[in-house]
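Here the structure is laid out as structure tokens; the discussion comes afterwards.
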């Protein structure tokens, strides 16, 4: 078994606490499902948010999903001119039998434009 990194991102429509938590929960669950993982497989998770998202810590969504024994950390993305607004990114480390090429990365809504080469087809809301 190896430790692999899974990437994901979602662009939110607005910076509202409920909307942010719902979007992050959806993204995180889709990342786990796409890679046939569960919470016990997780080693740690890093959440980042663009500077325009201030309504809640994205990691709260994972805690609400019951992830109480997984180390979680939030950070702010660099504020680069012209970058996509209202984006939460997730970098999750998990123990898995999947090889690097088998890992499925999930990009939802407008965030699909960030890495079209990696994105799993899915929700384009």
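Considering segment 4-31, and only residues there that are out of contact with any strand residue (DSSP E or B) (no Cβ under 8 Å at 6 or more places or on another chain) and outside any loop (DSSP other than H, G, I, E, B), the residue that is nearest to residue 106 (Cα to Cα) turns out to be 29. Which residues, taken from segment 66-93, are within 15 Å of the chain's Cα centre (by Cα) and free of Cβ contacts under 8 Å to residues at least 60 places away in the same chain? The answer is 67, 70, 71, 72, 73, 74, 75, 76, 77. Under the condition of being in contact with a strand residue (DSSP E or B) (Cβ under 8 Å, 6 or more places away or on another chain), surrounded by fewer than 18 Cβ atoms within 10 Å (Cβ to Cβ) and assigned to a helix (DSSP H, G or I), the residues counted in segment 35-55 number 0.
Out of 6, 21, one residue alone is under 9 Å from the mean Cα position of the chain (by Cα) and either at pLDDT 95 or above or surrounded by 15 or more Cβ atoms within 10 Å (Cβ to Cβ) (or both). It is 6.
Counting only residues that are in a loop (DSSP other than H, G, I, E, B) and touching a helix residue (DSSP H, G or I) at 6+ places or on another chain (Cβ under 8 Å), segment 59-68 holds 3 of them.
The values are calculated or read from the model by the stated rules, or taken from the named source; none is laboratory data. Values in this document were obtained by computation on a predicted structure and should not be read as measured data. We place every Cβ from the backbone using ideal geometry, glycine too, and count neighbours over all the protein chains shown.
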